[in-house]
1. Sorted by accessible area (1.4 Å probe), largest first, how do 297, 355 line up?
2. State which entries of 188/297; 186/355; 243/325; 297/325; 259/297 exceed 32 angstrom in Cα-Cα distance in the structure shown.
3. Which whole-Hz couplings ³J(HN,Hα) result when phi for each residue of the stretch 339-352 is put into the Karplus expression 6.51 cos²θ - 1.76 cosθ + 1.60, θ = phi - 60°, listed in order with x for Gly and Pro?
4. Project the alpha carbons of the stretch 171-220 onto their principal axes and report the range along each, largest first, in whole Å.
5. Using amide H atoms built in the peptide plane, which far-off residues or other-chain residues are under 5 Å from residue 268 H to H?
6. For the stretch 212-371, with only Lys/Arg (+1) and Asp/Glu (-1) charged at the beta-carbon, what is the dipole magnitude about the Cα centre, in debye rounded to 20?
7. Return the loop-located GluC sites (Glu not before Pro) in the stretch 105-170 (DSSP other than H, G, I, E, B) with at most 11 other Cβ atoms within 10 Å of their own Cβ; answer none if there are none.
8. So for the pair residue 89, residue 339, with labels modelled 7 Å out along Cα→Cβ, what separation do we get in nm?
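The values are calculated or read from the model by the stated rules, or taken from the named source; none is laboratory data. The structure displayed is predicted, hence computed values, not measured ones. Every residue, glycine among them, receives a Cβ derived from its backbone with ideal geometry; neighbour counts consider all protein chains shown. The area values use the complete protein model at the heavy-atom level, side chains included, leaving out ligands, DNA and RNA. Shrake-Rupley method; radii C 1.70, N 1.55, O 1.52, S 1.80 Å.
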Amino acid sequence: MKKILAMLLALAMVFALAACGSKTPAPSNSPAPSNSAEPSGEPSAEPSNEPDADLGNKLVLYSTMTQSDLDALIDCFNEVYPDIEVEVVTGGIGDTTSRIAAEAENPQGDLVWGGLADSDGMQYADLFEQWVSDETANSMEGYSTPNGIYSMDHLSTVVFCINTELENELGIKIESYEDLLNPALKGKIVLSNPNSSSAAWNNLCNIMSVYGMDTEESWNYISKLMENLVVVEKSSVCFNAVKDGEYVIGLTYEDGAVKLLQNGADNVRLQYPTEGTSATAFGVAVIKNAPHMAAAKAMCDFICSAEGQSAMAEYMQGTLRFTNKNYTVPADAMLTASAEMNWVVRPVPELTANKAQILEHWNDLWAQIGG
């Protein structure tokens, strides 16, 4: 990363990025707007930090993101804020939010990046500051904060991660949801637990976007799919174990699976379901009473800014779809361009309102079929 980029980014962050505005075209690998929920309340208008604020020298980040995502964030962030040491604690969103709740009287973390989905509603409202970055004013239409707590920064699109060697051995071609019902795939499709994994919930949401929101058709499909499923607790299994030949297919998220290709895996491919795909918007949130509050808000601003997202996108070769309408997609981006994909509208408000009911239905079915 060239030093001049760091200098420009630092200046841009200091002046709140207002001048970057609408001159830059929307990124080519960003999907059409979803039916995201509107904010339930107005976020605080308080600025993130005054330019001369003392940000301190430490920051504790809780994150569900991949190691390469974290490397990109920390390296690019430290180009601008070299004096802030970032400590990272990784884990699934269920474990992370439980940890934050347990630490509420004496917070140990400062912010969370990843796993905070636009369909969460106010589920975690007690854990986070009622504050969002001013940078969210530049979010693509349909991907603004859903609750005045999350600053939405990236999109996660569902994808099938397929082991091509095993696919060829079976003599089948996997392209659609209907293809997943092939009896030859019994016990060969892996999905994480939607009760604790945002990646699995993302996949469940997409099935309902294709077959109908909480409809009989959706549940009939899910019950048939369960006949072939293995459910695990860690979402990373759904691409890493596919590469290792343990499963033929992982129902997962593109930004995790594409890392396999980026790291040279030649026995996997990514397939978007031909019936349609949609994206969950994920965000970053500042933990209530964070011990390093100023630094936490500075990182949140960085993650949501066009300059920060452009820097991370270049670092990662475009393996995340960011939400700032002004960020620059690198020429060597590894994700499929949005225009080449079949997008379906995701009913985010309905999914948010009915999440508990949907998971209960899922659990009842899984206990009967796969439990």
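1. These residues rank, largest area first, as 355, 297.
2. As for pairs spanning more than 32 Å Cα to Cα, those are 188/297; 243/325.
3. 5, 8, 10, 9, 8, 10, 6, 9, x, 4, x, 5, 5, 5
4. Per principal axis, max minus min of the Cα coordinates gives 32, 24, 16 Å.
5. Amide H neighbours of residue 268: 164.
6. Result for the stretch 212-371 is approximately 480 debye, rounded to the nearest 20.
7. Passing both the DSSP loop test and the Cβ count: 105, 141.
8. 4.5 nm
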